[in-house]
Amino acid sequence: MSQLPALVLKRAEERVGVREVRDLVTGKPLNKGNFISTWLKNVGLADGDPYCVAFVANVIHFVFAENSIPTDWPFGNTPPARGSTALYQWGKDNGRLLTGPTDNCVFVLKSRLIPGRFVHTGFVKRVNPDGSAYTVEANTNNSGSVDGDGVYLKLRTAADIARMRFLRIEP
């Protein structure tokens with residue numbers, strides 16, 4: 001396997017600290033901002049839409065393009081580049097699912113409420129011996145929300161990891 005997945009994670013980490021623009025009256029995050037609006041536009045979404053999957057798609061495509069390597073990772077105005085459940089299905093259909101977490105892979109998080117639905121996507125940076133993992137995620141916050149206010153480096157518990165499915169970045 002190449003070093004591209006590690007380069008993807010390095011680029012994702014460079015975006016830790018990006019934050020959403022907030023409503024001037026309510027202070028509520030608005031799912032938009034310099035980087036965020038670009039990520040959304042690149043996958044056919046608009047300001048205000050969830051952007052965790054758009055973040056993943058943009059980072060992967062940027063790193064592959066920067067290294068002049070083609071990728072089949074979903075991008076542009078396609079459902080797998082815009083939603084976690086569609087991304088999971090794309091991974092399943094294209095042989096990208098992993099049996100468990102590995103360093104430098106993509107995760108999709110299962111809904112607690114709706115069976116078969118995935119509600120959040122991000123990168124697994126490093127898996128720890130206790131079953132927890134460090135992740136890089138967009139549209140989250142310090143509390144772990146799937147609708148947060150920016151890009152964070154997080155420590156996800158083993159219980160969180162158990163609700164995730166994992167995809168390889170490369171074929």
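Listed values, structure above:
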read-out	value
Zone of PHE62's modelled label, taken as backbone nitrogen in segment 133-150 under 17 Å from a point 7 Å along Cα→Cβ	136-140, 150
P(r) of the chain over all Cα-Cα pairs, binned every 5 Å from zero, in whole percent	1, 9, 19, 23, 23, 15, 7, 2, 1, 0
Ellipsoid equivalent to segment 106-149 - semi-axes via the Cα gyration tensor, in Å	18, 14, 9
Estimated inter-spin distance, ASN142 and LEU98, nm [label 7 Å along Cα→Cβ]	2.9 nm
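No value in this document is a laboratory result; all are computed from the given coordinates. The model shown is predicted, which means the values in this text are computed figures rather than measured ones. Neighbour counts run over all protein chains shown; Cβ positions are idealised from the backbone, glycine included.
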